[in-house]
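J.: Provided herewith is a single structure, encoded as structure tokens, for subsequent inquiry.
Taken together, the values in this text are just the output of simple stated rules run on the coordinates, not laboratory data. In this text the structure is predicted, and so the values were computed from the model without any measurement. With ideal geometry, Cβ positions are generated from the backbone for all residues, glycine too; neighbour counts draw on all protein chains shown.
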Amino acid sequence: MQFILLSGGSGKRLWPLSNDVRSKQFIPIFPKEDGGHESMLQRVWRHMVSLYPRENITIATAQAQASAVQNQLGANVNLCVEPARQDTFPAMALAAAYLQEVKNISEDEPVVVFPVDPYVERDYFEALGKLGERAAATDANLVLMGIEPTYPSEKYGYILLQMQNEGDHANDFRKVASFREKPDERTAARYIEQGALWNGGIFACRLSYLLAKAHEQLEFAGYEDLRQRYRQLPKISFDYAVVERETNIEAMRFSGTWKDLGTWNTLTEAMGTHLLGKGILDETSTNTHIVNELDVPIIALGLKDIVVAASPEGMLVADKHHSSYLKPLAERIHQRIMMAEKSWGSFRVLDIGERSLTIKVTLLPGHRMHYHSHRRRSERWMITNGEGYAIVDGQRIAVASGSFIDLPQGCRHLLAADTRLEAVEVQIGSDINIEDRIRYDQYDFDLG
């Protein structure tokens, strides 16, 4: 049995803690037993690897977020990387080709696909296994996990089920009659009375079915060919392209904890604390949360039903019940990405000048940047903490706290960490942008 974890998203609904690179699943917001915090992705991964072999789990993610996945989960995770951000059908087509050609998975093997963003407990992950087992045994082409509704929501699609027949599979699985997209509240209430389920985008099938649907609608010869064509593929959801057109579907009812953490209102319900980061929340404030990633404190007085969030990207003060309307406003803010996680560590912008950019770089122990150069800017590194080495045009230079390294325009360079390494990087140039970067996979130095 194979599992595909869909980990994408643009990060606009949880601005300013998320952006196009650091989407909501990477925010370390959930409490751990050791007193620290973990992200949505880390929480899901922790549950999955406690139940299933890690080599059976593939994470499908956009190229811009692949480094963040490796930063949080390690370099040895199975990643199917989309060259561009498309919708779920192209992502699933690429993942299916990846399983077949890169991982050499048999077309008869069941595949379970699920999104990263709901807040769920262990019984959900156990149910994923049951879903895959059913996909291997049934004559149905698709098996969905439907979420038992807790209220007549207008935000979700609904799975309408056929009437139960005597002798059906222990009442665990029912044939699907049809789908209904985001009805009004009164109609949703009627669907729930009829036993309908929320469509959470969770399904299982044989790998052969995924491949067949991909080849039916997309022209490609194989995995590499599909990657080359990926940017030209139509942006279409798997639900619309496949699920809603399939007539032979079963659904399994899931009655456990399931929360869609798509807005600040729903996310704060699962935080476990009202204050993250520096700040003071006075006793007269009710149902108010502060999430602060800055090094300056926030004080909240006499607030009710408010979320206050701050990061290098900006600051948000919002009524929780209006937080679902944040995305179009966040999309109006066009600015440089101020923070991101990379496979080797992270960076945060400290200052933007007319001809300069200053960032703080943190490298994890044993990690290093990619070997690269810039055509239109020079740089200077000042090491503020830790030990490691720099490579500048093939020359290895030991660095420690207090070291300075000058990087002329055009030189090839990287920074590597023996211990956790922190540096301030000052970029100087008339045209500083992310495109001015040449990466080298062949080295003119000894990596040992």
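J.: Strictly greater than 19 Å: what percent of every Cα pair in region 1-139 meets that? Don't jump to the answer; show the numbers that get you there.
T.: Values: 4919 of 9591 pairs.
Summing the P(r) of region 1-139 above 19 Å gives 51 percent of all pairs.
J.: Now a separate question. Give the residues of region 83-115 whose amide nitrogen is closer than 12 Å to a point set 7 Å from the Cα of residue 212 in the direction of its Cβ.
T.: Counting backbone N atoms under 12 Å from the label point, the list is 108.
J.: Can I ask one more? I need the Kirkwood Rh of region 2-260: take the reciprocal of the average 1/r across all distinct C-alpha pairs and report it in angstrom. Write out the running numbers ahead of the final one.
T.: Values: mean 1/r = 0.0527 Å⁻¹.
Value: 19.0 Å, from the Cα pair sum.
J.: Sticking with this structure for a sec: For region 166-236, which trypsin sites (Lys or Arg not before Pro) pass both filters: DSSP loop (anything but H, G, I, E, B) and at most 12 other C-beta atoms within 10 Å?
T.: Numbers: sites: 174, 175, 180, 186, 190, 206, 213, 227, 229, 231, 235; in loops: 235.
Counting only loop positions with at most 12 other Cβ atoms within 10 Å, the trypsin sites (Lys or Arg not before Pro) in region 166-236 are 235.
J.: Could you compute Rg(Cα) / (2.2 N^0.38 Å) for the chain, with N its residue count?
T.: Numbers: Rg = 24.1 Å, N = 448, 2.2 N^0.38 = 22.4 Å.
With N residues counted in the chain, Rg over 2.2 N^0.38 Å equals 1.08.
J.: Here's a follow-up. What is the sum of charges around residue 45, taking Lys and Arg as +1, Asp and Glu as -1, for the other residues whose C-beta is under 12 Å from the C-beta of residue 45?
T.: Net of charged neighbours comes to +2.
J.: Which FRET efficiency value, to the nearest 0.05, do you get for residue 148 and residue 372 by plugging their Cβ-Cβ distance into 1/(1 + (r/R0)^6) with R0 = 41 Å?
T.: Using R0 = 41 Å, I get an efficiency of 0.20.
J.: I would also like to ask the following. R0 = 35 Å: FRET efficiency of residue 273 with residue 364, Cβ-based, nearest 0.05? Before the final figure, lay out the partial values.
T.: Values: r = 26 Å, r/R0 = 0.75.
For R0 = 35 Å, the calculated efficiency reads 0.85.
J.: To make sure I understand, if each residue's beta carbon is the centre and we count other beta carbons within 10 Å, what order do 142, 51, 326, 197 fall in, fewest to most? List each step's numbers first, then the result.
T.: Working: 142 22, 51 12, 326 19, 197 26.
Sorted ascending by nearby Cβ count, the order is 51, 326, 142, 197.
J.: Pulled fully out, how much extra length does the chain show between residue 136 and residue 321, if you take 0.36 nm times their separation in residues and subtract their Cα-Cα distance? Could the numbers behind the result be given before it?
T.: On the way: separation 185, 0.36 × 185 = 66.60 nm, distance 4.28 nm.
Taking residue 136 through residue 321 to full extension adds about 62.3 nm, to one decimal.
J.: Something else now. If you place +1 on the Cβ of every Lys and Arg and -1 on the Cβ of every Asp and Glu, how big does the dipole about the Cα centre of the chain come out, in debye to the nearest 20? Don't jump to the answer; show the numbers that get you there.
T.: On the way: 49 positive and 60 negative charges, 161 e Å.
Once rounded to the nearest 20, the dipole reads 780 debye.
J.: Mind ranking 277-284, 239-246 by how tightly packed they are, going by the mean number of other C-beta atoms within 10 angstrom, highest first?
T.: 239-246, 277-284
J.: Ranking 131, 267 by Cβ neighbours within 10 Å, fewest first, what do you get? Provide the component values of the computation, followed by the final result.
T.: On the way: 131 25, 267 28.
If I rank by nearby Cβ atoms, fewest first, I get 131, 267.
J.: Residue separation times 0.36 nm, minus the C-alpha to C-alpha distance between residue 20 and residue 232: what's the value? Intermediate values should be presented prior to the final figure.
T.: Working: separation 212, 0.36 × 212 = 76.32 nm, distance 2.02 nm.
Full-extension gain reported as 74.3 nm.
J.: Sticking with the crude label model, points 7 Å out along Cα→Cβ, report the distance from residue 107 to residue 424 in nm, one decimal please.
T.: Those two pseudo-labels are separated by 6.0 nm.
J.: If you take the square roots of the eigenvalues of the alpha-carbon gyration tensor of region 234-304 and sort them as a ≥ b ≥ c, do you get rounded (a/c under 1.5), prolate (a/b over b/c) or oblate?
T.: prolate
J.: Pick out, in residue order, every one of the GluC sites (Glu not before Pro) in region 1-83 that is DSSP loop and has at most 13 other C-beta atoms within 10 Å; say none if there are none.
T.: On the way: sites: 33, 38, 55; in loops: 33.
When the GluC sites (Glu not before Pro) of region 1-83 are filtered for loop state and at most 13 Cβ neighbours within 10 Å, 33 remain.
J.: Does region 191-264 classify as rounded, prolate or oblate by the C-alpha gyration tensor (a ≥ b ≥ c root eigenvalues; a/c under 1.5 gives rounded; else a/b over b/c gives prolate, otherwise oblate)? Display every interim value, and only then the final one.
T.: Details: a/c = 2.61, a/b = 1.80, b/c = 1.46.
Judged from the Cα gyration tensor, region 191-264 comes out prolate (a/c at least 1.5, a/b above b/c).
J.: How large is the Rg to Rh ratio of region 344-439 when both quantities use alpha carbon positions and Rh follows Kirkwood?
T.: Working: Rg = 12.4 Å, Rh = 13.2 Å.
Using Cα coordinates only, the ratio equals 0.94.
J.: I would also like to ask the following. Work out, step by step, the length gained on full extension between residue 305 and residue 280: first 0.36 nm times the residue separation, then minus their alpha carbon distance; give nm to one decimal.
T.: On the way: separation 25, 0.36 × 25 = 9.00 nm, distance 1.60 nm.
Once the chain is fully extended between residue 305 and residue 280, it gains 7.4 nm.
J.: Just tell me, in residue order, which DSSP H segments of the chain are both 20 angstrom or longer along the helix axis (alpha-carbon based) and at least -1.0 in mean Kyte-Doolittle hydropathy.
T.: Numbers: long enough: 122-137 (24 Å, -0.49).
Correct list, ordered by number: 122-137.
J.: Quick one: 88, 273, fewest Cβ neighbours within 10 Å first, how do they rank?
T.: Values: 88 23, 273 14.
Lowest count first: 273, 88.
J.: With a cut-off of at most 16 other beta carbons within 10 Å, and DSSP calling the residue loop, which trypsin sites (Lys or Arg not before Pro) in region 383-448 qualify? Please list them.
T.: Working: sites: 396, 412, 420, 437, 439; in loops: 412, 420, 437.
Counting only loop positions with at most 16 other Cβ atoms within 10 Å, the trypsin sites (Lys or Arg not before Pro) in region 383-448 are 420, 437.
J.: Let me ask something else. Quick check on region 272-330: take the gyration tensor over C-alpha atoms, sort the square-rooted eigenvalues as a ≥ b ≥ c, and tell me if it's rounded (a/c under 1.5), prolate or oblate.
T.: oblate
J.: Hey, another quick one. At residue 257 and residue 397, where each label point lies 7 Å from the Cα along Cα→Cβ, what is the point-to-point distance in nanometres?
T.: If labels sit at residue 257 and residue 397, their model points lie 5.1 nm apart.
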